[in-house]
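Following: one structure in structure tokens, then a few remarks.
Read-outs throughout are calculated quantities, based only on the coordinates presented, and are distinct from any laboratory measurement. Bear in mind the structure is a predicted one, so any value in this text is a computation, not a measurement. Cβ placement follows ideal geometry from the backbone for every residue including glycine, while neighbour counts extend to all protein chains displayed.
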Amino acid sequence: MNETDRGQVTQLLAEIRAGDRQAADELLPLVYGELRKLARARMAGEPAGHTLQPTALVHEAYLRLVGPADPGWDTRGHFFAAASEAMRRILIEAARRKGRQRHGGELRRTPLDEETPDATGDPQALLALDWALERLEDKDSDMAAVVKLRYFGGLSVEETAGALNTSPRSVSRLWSGARAWLHREMTRAPSPLVQP
């Protein structure tokens, strides 16, 4: 996305926040490529034949983002953070449905990869990650925000720093701490992750 488009996105977000519903229609073409990139990153590890495709993930997330309630975005970074969170929630909902319908809710412990958490290929691992992430959010909201943007949003360290209005060094430190904490939590005794 070039600098002109970034400025236009920021302006449209301000218009949407002010209640201009037409601005939401103008926003989608500008952010679609970025949202699709986020969705592809999230869907890359999904097994073949997954019922949710990147395009559907983008559309569902966008509908949630520009729904009837005031979204309250302050910046472009805030919008993409909200998009990452919406995609995370959609994937978690899909994993919960799959866990209930096909797997009887049986849980397994799944450790995180040391470099990057990867739970996308296994709905139970995704639920375990979500459970641990909720606990991390209670402990350290900054670490949780970094995980949501890096893991669920597919953002780089620099992009995450921009979205959170902090330095790349801080993001790297938080990412490292969050990975270690999540790894420890996910290897503990399983918890009731699948809700009926």
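When each of Leu30, Leu91, Leu63 is scored by the number of other beta-carbon atoms lying within 10 Å, the sequence from fewest to most is Leu63, Leu30, Leu91.
Annotation: lysines with alpha-carbon distance below 18 angstrom to Lys37 (same-chain offsets under eight excluded): Lys148.
Can you put Tyr62, Tyr32, Tyr151 in order of Cβ neighbours within 10 angstrom, beginning with the fewest? Walk me through the intermediate numbers first.
Details: Tyr62 18, Tyr32 14, Tyr151 25.
So the residues, fewest neighbours to most, are Tyr32, Tyr62, Tyr151.
Fewest-first ordering of Lys98, Lys139 by other beta carbons within 10 Å of each residue's beta carbon gives Lys139, Lys98. Remark: the Leu30-Thr4 segment gains 8.3 nm on full extension, using 0.36 nm per residue and subtracting the alpha carbon distance.
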